[in-house]
Amino acid sequence: MPDFDSFSCPPPLPPGERVILGHGSGGRLSRDLLERVILPALGDCAPRSLDDSAILDGGAGNLAFTTDGHVVQPLEFPGGDIGRLAVCGAVNDLAMVGAEPVALSLGCILEEGFPLETLSRILVSAREAAREAGVYLAAGDTKVVERGKADGLFLTTSGIGRLPPGRKISGAGAKPGDIVILSGTIGDHGIAVLSAREGLGFETDLKSDVAPLNGLVAAMLAAGEVHALRDPTRGGLATALAEIAAQSGAGIELHETAIPVHGPVRAACEMLGFDPLYVANEGKLVACAAERDAREILAAMRAHPYGAEAAVIGRVREDPHHRVHLRTAIGGTRIVDMLPGEMLPRIC
């Protein structure tokens, strides 16, 4: 029987003076930690933009740079593992600012006693993901800590990518009138990992959607004008769109019936009391695109394997409060905000 008491529902209260799991949710508490502690401490040595990658002056052209840590449990889950997740996470962070990934670093923190066969299998998976994305694993590092200090294996990745001249895609780039496009179903990764970890035994072949999205983004940019991109990982689609609305100073109107959700994910969410809008994804993106190009961009997405179920789910609009409104299936309206706490820890 799964330990339902360990699920954070309702979300935890705001933090006191110590780190809590919710600080890693990617939602409101993560933003609070960043703004109250991390950015003030780093001062002018840290970027002010809160996009997935920083943009650096590379002389002849700009460069994008990103870094990420991966602590998922279990390390291997339906549809993926921590190796594929680590590579795809860095690739996607670069792709979300329109950069073309060039090279990654891969750091391993290993726990004493970790099986070498499992390590080899995970690294092969990372290699295959890098090949799929067309990116080079250029540097790495390995550290081993005492038994019980690392939960098996943690991975860190950093990545650098080229940004073609004139390309400017940011969470702050959404404009009133833009069409909001989602690349496919939401919640697959979070529910697949949760099912594997908690032994929920869902009678389904549901798999994680973890995938590199740089090819999909390239197809979209060739088809039309994209102003904002975000991969809705921790915190889910709701948090990603709330961040875009806040950064852009605009509002977003969503239509619940237009948001694709696989039946097994919807059923699991209903059973567990989760909202699919807040469940994590690792192979999906949401875009705000110029209305005049929306048809071409949507067609390009649907022609790509990772965008076959792409759908228009809303529109950017003027809103002085910078809120995301959801038109519900029964005709009502509700505000969609950032994830306030930690709903599903250790999923990425």
**Request:** Measure off 7 Å from each Cα along the Cα-to-Cβ vector at ALA303 and ALA41, then give the distance between these two points in nanometres to one decimal.
**Result:** 4.8
**Request:** Tell me which residues come under 5 Å, amide H to amide H, from VAL324 once H is placed; ignore anything under 5 positions away on its chain.
**Result:** ILE252, VAL336
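Enter the accessible area per residue of the stretch 34-126 (Å², integer; probe 1.4 Å; all protein chains in place). Present the calculation step by step, with values, prior to reporting the outcome.
Details: 4160 Å² over 93 residues.
The answer is 45 Å² per residue.
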**Request:** Can you sort LYS284, LYS175 by 1.4 Å-probe accessible area, starting with the largest?
**Result:** LYS175, LYS284
**Request:** Using Cα positions and a limit of under 25 Å, work out the lysines in reach of LYS175, with same-chain residues fewer than 8 apart set aside.
**Result:** LYS284
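Accessible area per residue, 1.4 Å probe, Å², for the stretch 167-255: what's the number?
On the way: 2520 Å² over 89 residues.
Value for the stretch 167-255: 28 Å² per residue.
Can you tell me the length gained on complete extension of the stretch ARG346 to GLU146, counting 0.36 nm per residue apart and subtracting the Cα distance?
Values: separation 200, 0.36 × 200 = 72.00 nm, distance 2.07 nm.
Stretched fully, the ARG346-GLU146 segment lengthens by 69.9 nm.
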**Prompt:** Cα atoms only, the stretch 48-143: Rg and Dmax in Å?
**Reply:** 14.5, 47
**Prompt:** If one computes the Cα centroid of the stretch 157-226 and of the stretch 20-35, what distance in Å separates the two points?
**Reply:** 21
**Item:** Bridge type composition, the chain - antiparallel percent by DSSP, nearest 5
**Value:** 80
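So what's the back-of-envelope 222 nm ellipticity for the chain, counting only DSSP H runs of four-plus at -39500 (n - 2.57) apiece and dividing by all residues, rounded to 500?
Numbers: 9 runs with 95 residues, N = 348.
After summing the helix terms and dividing by the residues of the chain, the value is -8000 deg cm²/dmol.
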**Prompt:** Can you give the accessible area of ASP57, probe radius 1.4 Å, in Å² rounded to 10?
**Reply:** 130
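If you average the sequence gap of Cα pairs under 8 Å that are 6 or more apart and divide by the length of the chain, what percent do you get for the contact order?
Numbers: 809 pairs, mean separation 85.9, N = 348.
For the chain, the relative contact order is 25 percent.
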**Request:** Could you size up the charge dipole of the chain around its Cα centre, putting +1 on the beta carbon of Lys and Arg and -1 on that of Asp and Glu, and report it in debye to the nearest 20?
**Result:** 580
**Message:** As a test of the definition: which semi-axes, in Å, follow for the stretch 103-226 when you take the square root of five times each eigenvalue of its alpha carbon gyration tensor? Largest first, please.
**Reply:** 33, 23, 13
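Excluding ARG266 itself, calculate the net charge of residues whose Cβ lies under 13 Å from the Cβ of ARG266, where each Lys or Arg counts +1 and each Asp or Glu counts -1. Mind showing how you got there, number by number?
On the way: positive: none; negative: ASP188, GLU256, GLU270, ASP275.
It works out to a net charge of -4.
Roughly to the nearest percent, how much of the accessible area of the chain is carbon and sulfur, given a 1.4 Å probe?
Numbers: 8540 of 15810 Å².
In the chain, the share of accessible area belonging to carbon and sulfur is 54 percent.
Between VAL124 and ALA218, what FRET efficiency comes out of the Förster formula 1/(1 + (r/R0)^6) with R0 = 30 Å and r the beta carbon distance, rounded to 0.05?
0.70
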**Prompt:** When the convex hull of the C-alpha atoms of the stretch 166-322 is computed, what volume per residue in Å³ does it have?
**Reply:** 105
**Request:** Count neighbours as other Cβ atoms within 10 Å of each site's Cβ, and list the GluC sites (Glu not before Pro) in the stretch 289-348 that are DSSP loop with at most 15 such neighbours.
**Result:** GLU309, GLU318
**Asked** Tell me, what is the FRET efficiency for ARG48 and ASP205 to the nearest 0.05, using R0 = 35 angstrom and their Cβ-Cβ distance as r?
**Response** 0.20
**Request:** Divide, for the chain, the radius of gyration over alpha carbons by 2.2 N^0.38 Å, where N is the residue count.
**Result:** 0.95
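How about the stretch 86-167: which GluC sites (Glu not before Pro) there lie in a loop by DSSP and see at most 15 other Cβ atoms within 10 Å?
Numbers: sites: GLU111, GLU112, GLU117, GLU128, GLU132, GLU146; in loops: GLU112, GLU146.
Filter output for the stretch 86-167: GLU112, GLU146.
The values are calculated or read from the model by the stated rules, or taken from the named source; none is laboratory data. Note that the structure is predicted; figures quoted are calculated from it, not measured. Backbone-built Cβ (ideal geometry, glycine too); neighbour counts: all protein chains shown. Note: accessible area is taken over every heavy atom of the protein model, side chains too, but ligands, DNA and RNA are not part of it. Shrake-Rupley method; radii C 1.70, N 1.55, O 1.52, S 1.80 Å.
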